[in-house]
Amino acid sequence: MRISGVGCCVVDYIYQDVDFTLPKANRYLTKDGTHGLIISEGNLLEHLTTHFGVSEGKLIQDIVGGITPHKTLGGVSVVTLISAAQLLFDQGDIEVYYYANIPRNELGKLTIETIRKTPLRTDRLKIVEGDSVVTHALCGNDAQGNPSRTFICAPSVHPSTALELEELDDDFYTSELTVFSAIQWEPLINERFSQVLRKCKEHNSITMVSTASDPLMRGRHKWVLGDSDKVYEYIDILMMNKEEALHYSGKDDLESAVKYFQSIPSIQGVLITDGLNPTYVYGKGELCRPYHGFIPTVHAIDEDKARGLLPHGDTVGCGDNYCGGVVASIALQLKRGAGQIDLMEACILGNLSGGITSTTTGGIFKEQFFGEKQRLVDRYYRDYVKQVRAFQAKEETPAGEWCGHA
């Protein structure tokens, strides 16, 4: 089985314990919801420096103070695929490929060296002459005091390393699973996204799309995914967080957003994460087993962190690792010949994968040996399944009446 993915890959500069309440940082926070820094979302560096009339160096220094960043590989797509590959490392007949152009420079070297320490296949990575961009990941608390991460970034990969449409080969389109993550990061693919998805479907590939905060859509009531809403005609499974679900649906509450995505006939599965709150899961049709409801996050991992049995990390990449767990679960289900994909089962592995990643700094769980992450997931799996069953038994209608019928 082949899993192929494309989308965001970037080096993160991660700053821990950023205090947005300090006067120097607070002055950059949005006052109108459009201009200025929005906590827990992606923010364009150019928009911020232009709006406030400051340099990049002053902007970052004012916000983070004297905090020294931790430099590491990040990016929605590569993190998702590494996570999936780590959980599938012992499945010799399942291979995970990432398609990207990596610049021949120091940050590109960091990228390649990091990927080579994971089970992710590098056959479709190309080293090219070009420039890098970085993302500043600010780890602090949101308005409710919950751990969050806020990004200051470029709008996409540097033009010198952007993938051409022709670089997606036949092997990509004929993969059993094609995974697209923060596709806006690859502008040449993004502008023809519906065409790419349609070609995948013509080859019977299961298409999975995970979204990310898109600062280019700032100020729009309804965000556009790819080239147009036509892309939804070719998406099988859609993964996003709550804020992205509201933005891409153009709705003001989760109930309305869920109904919007449920109304699109071609979408067979929807998974919506919400930080530490339960994840919404919806499956329908021939591809996915009928299901709608909420699934809680893994309490035992947070409890063990509080007791000192697990290290404290940050929330950078937890959502991407969640998506990687979902991808891995679906691949395993297909391998064993499941007639329909069980998205509840996929969400369980996704939540475990995301939870384990909260014990490390940065989006990638850097394994000391292949199988380390899988071993940690296995440690919590049985108790977590019991937690999920207890949660569902407690809820007469797990997702509420508004969730409709699968």
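What to note about this one:
- Annotation note: of Gly371, Gly355, Gly324, Gly363, the sole residue that is at pLDDT 95 or above and closer than 23 Å to Tyr15 by Cα is Gly355.
- Among the conditions (1) open to solvent by 40 Å² or more (accessible area, probe 1.4 Å); (2) out of contact with any Ser or Thr (no Cβ under 7 Å at 6 or more places or on another chain), Ile39 misses just one, which is (2).
- Matching residues in the range 338-364 - criterion: being open to solvent by 20 Å² or more (accessible area, probe 1.4 Å) and under 15 Å from the mean Cα position of the chain (by Cα): Leu349
- Check on Gly350, in contact with a Cys (Cβ under 9 Å, 6 or more places away or on another chain), more than 17 Å from Ser181 (Cβ to Cβ) and assigned to a helix (DSSP H, G or I): no
- Pro296 meets each of the listed conditions (1) crowded, with 19+ Cβ neighbours inside 10 Å; (2) closer than 24 Å to Arg389 by Cβ; (3) at pLDDT 95 or above; (4) in contact with a strand residue (DSSP E or B) (Cβ under 9 Å, 6 or more places away or on another chain) apart from (1).
- Residue ID - farthest from Arg192 (Cα to Cα), chosen from residues in the range 233-272 that are in contact with a Ser or Thr (Cβ under 8 Å, 6 or more places away or on another chain), of a type in the set (D, E, K, R) and in contact (Cβ under 8 Å) with a residue 40 or more places away in the chain: Glu243
- Counting the residues of the range 88-110 that are touching a helix residue (DSSP H, G or I) at 6+ places or on another chain (Cβ under 8 Å) and either open to solvent by 10 Å² or more (accessible area, probe 1.4 Å) or farther than 17 Å from Phe369 by Cβ (or both) gives 13.
- You will find that of Ser358, Ser263, the residue that is of a type in the set (Ser, Thr, Tyr), out of contact with any strand residue (DSSP E or B) (no Cβ under 7 Å at 6 or more places or on another chain) and farther than 25 Å from Asp236 by Cβ is Ser358 and no other.
- Selection status of Lys71, charged (D, E, K, R) and part of a strand (DSSP E or B): yes
- Pick from the range 299-322, criterion of a type in the set (D, E, K, R) and assigned to a helix (DSSP H, G or I), ranking: most open to solvent (accessible area, probe 1.4 Å): Glu303
- In the range 323-337, of all residues being of a type outside the set (Ser, Thr, Tyr) and within 19 Å of His292 (Cβ to Cβ), the one that is surrounded by the most Cβ atoms within 10 Å (Cβ to Cβ) corresponds to Val326.
- Considering the range 74-121, and only residues there that are free of Cβ contacts under 8 Å to residues at least 60 places away in the same chain, charged (D, E, K, R) and assigned to a loop (DSSP other than H, G, I, E, B), the residue that is farthest from Thr174 (Cα to Cα) turns out to be Arg104.
- Any hit, the range 383-399, residues being open to solvent by 10 Å² or more (accessible area, probe 1.4 Å), touching a residue at least 24 places away in the same chain (Cβ under 8 Å) and within 19 Å of Met240 (Cβ to Cβ): no
- Of all residues making up the range 1-36, the number that are open to solvent by 30 Å² or more (accessible area, probe 1.4 Å) and more than 21 Å from the chain's Cα centre (by Cα): 16
- Of the strands (runs of 3 or more DSSP E) that lie entirely inside the range 124-221, those containing 3 or more residues that are open to solvent by less than 40 Å² (accessible area, probe 1.4 Å) and in contact with a strand residue (DSSP E or B) (Cβ under 8 Å, 6 or more places away or on another chain) span 134-141, 147-153, 177-181, 206-210.
- Of all the criteria given as (1) touching a helix residue (DSSP H, G or I) at 6+ places or on another chain (Cβ under 9 Å); (2) at negative phi, the one not satisfied by Thr68 is (1).
- Filtering the range 234-251 for residues that are among the hydrophobic types (A, V, I, L, M, F, W, C) and in a loop (DSSP other than H, G, I, E, B) leaves a non-empty set.
- Among residues that are open to solvent by less than 50 Å² (accessible area, probe 1.4 Å) and part of a strand (DSSP E or B), Thr279 is included.
- Ile94 being farther than 20 Å from Gly362 by Cβ and touching a Lys or Arg at 6+ places or on another chain (Cβ under 9 Å): yes
- Matching entry among Thr80, Thr72, Thr49, Thr118 (being open to solvent by 20 Å² or more (accessible area, probe 1.4 Å) and of a type in the set (S, T, N, Q)): Thr49
The values are calculated or read from the model by the stated rules, or taken from the named source; none is laboratory data. All values reported here derive from a predicted model rather than from experimental measurement. Reconstructed Cβ throughout: ideal geometry from the backbone, glycine too, with neighbour counts over all protein chains shown. The area values use the complete protein model at the heavy-atom level, side chains included, leaving out ligands, DNA and RNA. Shrake-Rupley method; radii C 1.70, N 1.55, O 1.52, S 1.80 Å.
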